[in-house]
Amino acid sequence: MGARRLNASAAQGREAVLAAPGVVSLRVMIVRRRNPDATHEVAGPATVADVLAQLGINPETVLVIRDGELMTRDRELPDDAEIEVRSVISGGAGPRAPQCQVCGRAVVIEIPRHRAAFCAEHLVDHIRGQVRHAIDRHGMLSYDDRVLVAVSGGKDSLALWDVLLDMGYHDGLYLGLGIGDYSQRSEQVVSDFAERRGVTLHAIDLATEFGYSIPDATGVKDRSACGVCGLSKRYVFNKVALDHGYDVMATGHNLDDEAAQLLGNVLRWQTPFMARQSPALAASGGLAKKVKPLYRVGEREMAAYCIVRGLDYIVEECPLVGGNTVHHYKDALNELERHFPGTKAQFLYGFLDKVRDQHFASEADEGNDDGVVACGECGMPTAPPKGKAAHNGDSVRCAFCRTQQRVLSVVSTVR
Ligand code: SF4
Ligand SMILES: [Zn+2]
Ligand SMILES: [Zn+2]
């Protein structure tokens, strides 16, 4: 028997039959998928790899969890097992490595691009080591820096906060986007974390502070909700960092995010964006320094880190994610990674080490202080429109203020 999808009531019925005393076992595994949610029955016993193959799931994109424990691809599952297959959007796979390469204990995750596998304890060490390596290599943080971590409630930013907390950087920033239950749950996850760890959380609500939420932006012509969301985040993160005297703004962009962003930029030859794609951007022209300490860690590893560290993160995707093209690039890279482990890292690191500075240094410089003026409306730094001299700054409005006005005009029309 192959894999068969159950609807919710059928799945509940199956559970009831399996649980009933005296009833002969139906000898099927129950596989619950998260994000997107679905329930399947699969013939067993089988290895994790076989189950994923039967369901047509790319192992690069998921973690498999049984009774709160991570299952590697070689683990044999009994015919009455119940497992959760949790999408992490992307990830890695490769040669079998059944023992932790550090201590020889049972592994919870393989990381094929490193030809490595780790137990829970050494996975945490590995990720902390990768973050330290990134910080040192790019001079991201010093001991004296006041650092603000942007935290969305997703696995990457919560894990980043957790790692940086252990290094002595405590403060977080949450931006409420007003996306219904998704935003409510995200805020709850972030504020629970801050309360448990006793750390400072700046919580800003977009609608309260700026008059619109991200769903309002779906009505704006020629601008996607994700585009408005990204612009709003960049603006608010920078503003809060400057207003509160932080030296550095840290975000949870991981290896998959950065490789996908690069692929999108290369495919459209967006050279100005390529010039500014870096794990660390120095402060310039009224913009706070920005760093991405997770750029060397895949998002599958970050999800595993959260599970072994017991961090509750929001598994669900943002309901507006359909408008986000980056996911298509992630899918393409994951397919390559499945066949050629290490592709994503080679693509990104090769660009950073051999291409960016050598070929885009002059374009990157254009974003520095010289061309920047104050927005006539909000006072934040912005590049003057082409053809206008910098000293005409009073009449210049930044991209955020222009976009805010467009969204507000849609909101007032609808209301
Ligand atoms: S999917 Fe789009 S709208 Fe949702 S949080 Fe991400 S960028 Fe914002
Ligand atoms: Zn170990
Ligand atoms: Zn402005």
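Brief remarks follow.
- Two-site FRET efficiency, ARG146 against ARG397, from Cβ-Cβ distance with R₀ of 25 Å, rounded to 0.05: 0.25
- Amide H contacts of ARG146 (H built 1.01 Å from N, in plane; Pro and chain starts excluded): ASP247, VAL248 sit under 5 Å, all sequence-distant by 5 or more or on other chains.
- Kirkwood-type radius of region 134-242, with distances r between different C-alpha atoms, in Å: 14.9 Å
- For q = 0.15, 0.16, 0.21 Å⁻¹, Debye-computed log10 I/I(0) when each Cα of region 34-167 counts as one equal scatterer: -0.84, -0.93, -1.33
- Amide H contacts of THR39 (H built 1.01 Å from N, in plane; Pro and chain starts excluded): LEU6, ARG33 sit under 5 Å, all sequence-distant by 5 or more or on other chains.
- Net length gained if the chain between CYS103 and GLN270 were fully extended (0.36 nm per residue, minus Cα distance): 55.6 nm
- Judged by the mean number of other Cβ atoms found within 10 Å, the most tightly packed of the peptides 60-66, 256-262 leads the ranking 256-262, 60-66.
- Qualifying lysines (Cα of each under 25 Å from Cα of LYS155; at least 8 residues distant if same chain): LYS233, LYS239, LYS289, LYS290, LYS292, LYS330, LYS344
- Sites GLU209 and ALA53, calculated FRET efficiency, Cβ-Cβ separation with R0 45 Å, nearest 0.05: 0.40
- Region 203-316, Rg to Rh (Cα coordinates; Rh as Kirkwood inverse mean 1/r): 0.98
- Ranked MET249, MET167, criterion: other C-beta atoms within 10 Å, fewest first: MET167, MET249
- Paramagnetic reach from VAL321 in region 251-270 [backbone N under 13 Å; point 7 Å along Cα→Cβ]: 257
Each value in this text was obtained by applying a stated rule to the coordinates, not by laboratory testing. All figures in this text were calculated on a predicted structure; none of them were measured in a lab. Heads up, the Cβs are rebuilt from the backbone with ideal geometry, glycines too, and the neighbour counts pull from every protein chain shown.
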